[in-house]
Each structure stands twice: as structure tokens, then as C-alpha cells.
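What follows is one structure encoded as C-alpha cells, with my remarks underneath.
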Amino acid sequence: MRIQFAPYILDFKSPAGTSRGIMTNKLTAFLRIFDENDPSHYGIGEAGIFPGLSPEADDRYFYKMAELVTNVKLGMPTDLTHFPSIQAGFEQAILDFSSGCRGIYFDSPFVRGEGSIEINGLVWMGDYDEMMSRLERKLKEGFKCIKIKIGAIEWEKEREMIARIRQEYDSSKVEIRVDANGGFSMDTVLPVLAQLAELEVHSIEQPIRQGNPEQMHKLCELSPVPVALDEELIGKFSYEDKERMLDTIRPAYIVLKPSLIGGFSGAQDWINLASQRGIGWWVTSALESNIGLNAIAQWVATLNTTMPQGLGTGALYKNNFQSPIELNGDRLIYNPAIPLDRSQLYLLDWRD
């Protein structure tokens, strides 16, 4: 068995405002695993690193990738505990290879074109006019769950945006989630939470910066709006660390990004622990290309969840890859007539 990796720069169609600044491109890497007697058939996965969030977003990333390549060649294990994006990509490549190199990671009615996944409409950070335009577009497209990134502009403007939705749609028609990305302090967040509750907001992700478990626990107790943890999950590598964090903070929800928390196996640990404690969850992509998005969507389709998920649509990048994942209104569907275009992947700079 052999494995190779290929770095790749994804170029945004337009600058994307994130909690880590304005992004015009994003580094990712692909892994392919194959039998050296037949290298034309390979399983593909994406190690979707996220600058500023991924624990391995430094020089160790490609060193670890090279170590994995060598160890697979030698038949030796590689400890990927502290490299969640590589763990995610490796799992995907193995799953694809095991199912016959067809781009099928999880066999279910979804990959046969039956069923769909409801997703939220994401309103990216920007100035007020940009965000209002994006918000109105998502509502016209039929999204019944809207997620708004807050903290980019002054709070009063952001509150006004949410109020505009509520003037037309009550909470039974449109669910509103907000994501603060740790942008508030304990002193500033409480009045904001009170106003969000008045506007019937479903939940707030990561209201204060991660790494303050006692403060976050207190906030979860006080908040009139359910609190969801996102960045707080990153860097919790052991089962014991995950248990301790959930038992200390006791959030209403957790938000799962497989590329940042150890792939599907790492995310499943969180789901099991959350379910035991009555904590809700949903899955969010993390700016992967269509390769990673395809794998994550197939996994989500097996989870039997009824909540809207935070999955991307593949429309962000100029140089993305052909994929069977399509958007139909506010739902992701799998189109079996459009297979993954492996000829695009063949041209990448594969290294071993």
C-alpha cells in the first residue's frame, strides 16, 4: 500500500471575511492511497487545514504528511492525534479506497440520489450593505435557517439585520443562529444576549474566546440564548479532555468540524459524549474543497439528524473540483450522474 499527498491553493471567487481576517485563498492538501500494483485506482481524501484554527497550521503540517507517507510504505502506524486535518484526510482516502475508488465514503440512500440534507444559509462577514444583500439573497433562495457571523461591524447594525428578518418571519418560519467567534467579553456579551433572546435567536456560537471554561460555564448558566461551542472543541485530543470540557461547561450545543477535531472518528467521539449528556450538535464544514465537502456530506447523511447542518456548497472557489454534491434550495443533494472528476486530480503535484 502506498500514499501520496499534493498541496493545493484554493482561490476564492471574492474575498471572504472570516474571524481570522479577509481570505483571498486557502491552502489545503489531498491524500491518495493506492496499491502500487495498480496506481490508477486510488482513494482520495482532503486534509483541510484552516489557518489560525487548525492545531497543525505551521511547519509541522507537511513534515507530518511526509512521515505518514513513509510509514504507510513501511507498514508502520503514524500517530495523528495532534494533526486532526491529516487524520480526516487519511480516513477519507481509506474509506474511498475500501469502497472501490468511486468517491463513495459512506453508502446510503443519499449517494443513490435519494434524500437530502437541510443546511443553513451562511451570511459572511462584511460591511452592513454587503451583509444585508447576502441575507436577503439567502431568504429569497428559500433558506429556513440563517446563520449570521457577528462581530464584524458595530453590534447595533448587526441587531438591526436580525430585527429585519423578524419583522417578516417569526421563529417558526426562519431559524436564526449567530456565530460570535469569541468576539465578546463577559462584560459586553450579556446585554447582547438579552437582545438576541428578544429576537428569538436559536443559539449563539462561541460568544467569548475559547480557553476560559469557568467563564463559559457561567455564561451557559446565565444566557437566555442557548450557547453552542465551536472553537472550544479544537485541541481536545483525548477522550478524557473531551469529557472534562463538556462536564465543566455544559453547553446546549456543540458544533462539529471534522477537519479540526480529528475526522469522522474524532467527531463521533464528541457525538457520543454529547448524546450521553443531552447536548445537541450539528456539523459544519471548514472551507474544504468539494473533495472534503463530498465526504463530510456523505457522513452527515448517515447520522439521521433533523437539524439544519452548516455545510458549504462548493461555490466559494474559482478552482474547485467537479463533484456530485449540488445545492437545491436550502438542501444539499447527491447527483449520481456527476461523478468526481479524477482527471483534475491527476494533474496535481503528487509527492511521496
**Checking Thr188 against (1) under 25 Å from Ile146 (Cα atoms); (2) at pLDDT below 95; (3) not in a helix (DSSP H, G or I), the condition it does not meet** = (3)
**Request:** Could you list, in sequence order, all residues of segment 285-326 that are free of Cβ contacts under 8 Å to residues at least 60 places away in the same chain and more than 19 Å from Leu256 (Cβ to Cβ)?
**Result:** Asn290, Gly314, Phe321, Gln322, Ser323, Glu326
**Complete:** Scanning segment 140-163 for residues that are surrounded by fewer than 20 Cβ atoms within 10 Å (Cβ to Cβ) and touching a Pro at 6+ places or on another chain (Cβ under 8 Å) gives Lys144
**Prompt:** So which residues in segment 72-83 are surrounded by fewer than 21 Cβ atoms within 10 Å (Cβ to Cβ) and part of a loop (DSSP other than H, G, I, E, B)?
**Reply:** Gly75, Met76, Pro77, Thr78, Asp79, Thr81, His82
**Complete:** When restricted to Ile119, Ile86, the only residue touching a strand residue (DSSP E or B) at 6+ places or on another chain (Cβ under 9 Å), surrounded by 18 or more Cβ atoms within 10 Å (Cβ to Cβ), within 24 Å of Asn328 (Cβ to Cβ) and at pLDDT 95 or above is Ile119
**Prompt:** Would it be correct to say that Gly89 is in a strand (DSSP E or B), under 29 Å from Thr302 (Cα atoms) and not polar (S, T, N, Q)?
**Reply:** no
**Prompt:** Is there a residue in segment 164-173 that is crowded, with 18+ Cβ neighbours inside 10 Å, part of a loop (DSSP other than H, G, I, E, B), assigned by TED's automatic domain parsing to the domain that holds Tyr128 and among the aliphatic types (A, V, I, L, M)?
**Reply:** no
**Prompt:** Do you know which of the residues in segment 338-352 that are in contact (Cβ under 8 Å) with a residue 60 or more places away in the chain and of a type in the set (A, V, I, L, M) is farthest from Asn71 (Cα to Cα)?
**Reply:** Leu340
**Item:** Scope segment 303-352; condition of a type in the set (D, E, K, R), more than 25 Å from Phe97 (Cβ to Cβ) and assigned to a loop (DSSP other than H, G, I, E, B); matching residues
**Value:** Lys318, Asp330
**Request:** Can you tell me which residue among Tyr42, Tyr61 is more than 20 Å from Ser323 (Cβ to Cβ) and surrounded by 14 or more Cβ atoms within 10 Å (Cβ to Cβ)?
**Result:** Tyr61
**Neighbours by Cβ (under 6 Å, 6+ apart or cross-chain): first from segment 256-273, closer than 20 Å to Ala29 by Cα; second among the small types (Gly, Ala, Ser) and in a helix (DSSP H, G or I)** = Pro258/Ala88; Pro258/Ala267; Ser259/Ser85; Ser259/Ala88; Ile261/Ala267; Gly263/Ala88
**Prompt:** Only one of Glu46, Glu67 is free of Cβ contacts under 8 Å to residues at least 24 places away in the same chain and outside any loop (DSSP other than H, G, I, E, B); which?
**Reply:** Glu67
**Prompt:** Quick one: would you say Ile153 is β-branched (Val, Ile, Thr), in a loop (DSSP other than H, G, I, E, B) and closer than 24 Å to Pro207 by Cα?
**Reply:** yes
**Hey, Pro55 out of contact with any strand residue (DSSP E or B) (no Cβ under 9 Å at 6 or more places or on another chain) and either surrounded by fewer than 18 Cβ atoms within 10 Å (Cβ to Cβ) or not in a helix (DSSP H, G or I) (or both) or not** = yes
**Asked** Yes or no: Gly52 in contact with a Lys or Arg (Cβ under 7 Å, 6 or more places away or on another chain) and not assigned by TED's automatic domain parsing to the domain that holds Ser259?
**Response** yes
**Item:** Those residues of segment 122-172 which are modelled with pLDDT under 95, under 26 Å from Ala301 (Cα atoms) and among the aromatic types (Phe, Trp, Tyr), in sequence order
**Value:** Trp124
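The values are calculated or read from the model by the stated rules, or taken from the named source; none is laboratory data. Note that the coordinates shown come from a computational prediction; the quantities given were computed from them, not determined experimentally. Don't worry about glycine lacking a Cβ; one is built from the backbone with ideal geometry, like all the others, and counts go over all protein chains shown.
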